[in-house]
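Undergrad: Below is a structure I'd like to ask you about.
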Amino acid sequence: MILNTIPVNDAIHRLAELAGQKVSVFGTLSLEFEATCITQIPKTEVSEYDAGTYQSSIWVDFDLAAIKQPEQWLNQFDGRRVRVTGKLVASLDGYDGCGHFSMWPARLIAASIEKFRRQG
């Protein structure tokens, strides 16, 4: 099955519909301690940090067994435009979000990653 690749903001806005499904999302990857996430591109479409969450970012957990690469391999993608494919997850009951301090509106359990150049 070929997935349409969608921007981060679309994945967040469609979270009720897409939660639990395999999605392909594009954005900029950040591999910071306690802040591993994919953020909306272009930056002009990024919603500011608001009410305790990063509104235009998704927390990313990498399934390194599925990717079949060591964790250090991911460093080549840090700060780059990427396409990440995996299972999109909404926050658990009782939490306001996902990731460190529940600061992200969603979580992506990533099974693949590649550099991405948007067409058009």
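The values are calculated or read from the model by the stated rules, or taken from the named source; none is laboratory data. In this text the structure is predicted, and so the values were computed from the model without any measurement. Ideal geometry is used to build each Cβ from the backbone, glycine not excepted, and the neighbour counts take in all protein chains shown.
Undergrad: With the checklist (1) crowded, with 16+ Cβ neighbours inside 10 Å; (2) under 13 Å from the mean Cα position of the chain (by Cα) in hand, flag the one item residue 61 doesn't pass.
TA: So the condition that residue 61 fails would be (1).
Listed here are the residues, each with its yes/no results for (1) part of a loop (DSSP other than H, G, I, E, B); (2) out of contact with any helix residue (DSSP H, G or I) (no Cβ under 9 Å at 6 or more places or on another chain); (3) within 23 Å of residue 3 (Cβ to Cβ).
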{"residue": "24", "(1), (2), (3)": "no, yes, yes"}
{"residue": "27", "(1), (2), (3)": "no, no, yes"}
{"residue": "44", "(1), (2), (3)": "no, yes, no"}
{"residue": "61", "(1), (2), (3)": "no, yes, yes"}
{"residue": "66", "(1), (2), (3)": "no, yes, yes"}
{"residue": "87", "(1), (2), (3)": "no, yes, yes"}
{"residue": "101", "(1), (2), (3)": "no, yes, no"}
{"residue": "111", "(1), (2), (3)": "no, no, yes"}
{"residue": "114", "(1), (2), (3)": "no, no, yes"}
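Undergrad: What about residue 10, is it more than 10 Å from the chain's Cα centre (by Cα), modelled with pLDDT under 95 and among the charged types (D, E, K, R)? Explain how you work it out, then say what you get.
TA: Details: more than 10 Å from the chain's Cα centre (by Cα): yes; modelled with pLDDT under 95: no; among the charged types (D, E, K, R): yes.
No; evaluated as a whole, the condition is false for this residue.
Undergrad: Residue 43 fails exactly one of the following numbered conditions: (1) surrounded by 15 or more Cβ atoms within 10 Å (Cβ to Cβ); (2) within 24 Å of residue 117 (Cα to Cα). What is the number of that condition?
TA: The failed condition is (1).
Undergrad: Quick check on region 75-84. Is at least one of its residues assigned to a loop (DSSP other than H, G, I, E, B), surrounded by 13 or more Cβ atoms within 10 Å (Cβ to Cβ) and among the hydrophobic types (A, V, I, L, M, F, W, C)?
TA: No, there is no match, as no residue in region 75-84 is assigned to a loop (DSSP other than H, G, I, E, B), surrounded by 13 or more Cβ atoms within 10 Å (Cβ to Cβ) and among the hydrophobic types (A, V, I, L, M, F, W, C).
Undergrad: Which condition number in (1) surrounded by 16 or more Cβ atoms within 10 Å (Cβ to Cβ); (2) touching a helix residue (DSSP H, G or I) at 6+ places or on another chain (Cβ under 7 Å) is the one that residue 34 fails?
TA: (1)
Undergrad: Please go through region 84-115 and give me each residue that is of a type outside the set (Val, Ile, Thr), in contact (Cβ under 8 Å) with a residue 40 or more places away in the chain and more than 20 Å from residue 35 (Cβ to Cβ), ordered by number.
TA: 87, 111, 112
This table checks each residue for (1) among the polar types (S, T, N, Q); (2) closer than 19 Å to residue 117 by Cβ; (3) modelled with pLDDT of 95 or more.
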{"residue": "25", "(1), (2), (3)": "no, yes, yes"}
{"residue": "33", "(1), (2), (3)": "no, no, no"}
{"residue": "49", "(1), (2), (3)": "no, no, no"}
{"residue": "68", "(1), (2), (3)": "no, no, no"}
{"residue": "72", "(1), (2), (3)": "yes, no, no"}
{"residue": "87", "(1), (2), (3)": "no, no, yes"}
{"residue": "91", "(1), (2), (3)": "yes, no, no"}
{"residue": "95", "(1), (2), (3)": "no, no, no"}
{"residue": "100", "(1), (2), (3)": "no, no, no"}
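Undergrad: Determine the pairs where a residue that is more than 17 Å from residue 39 (Cβ to Cβ), located within region 56-78, has a partner that is of a type in the set (Phe, Trp, Tyr) and not in a loop (DSSP other than H, G, I, E, B) with Cβ atoms under 8 Å apart, the partner being 6 or more residues away or on another chain.
TA: From region 56-78, the pairs are 67/73; 71/62.
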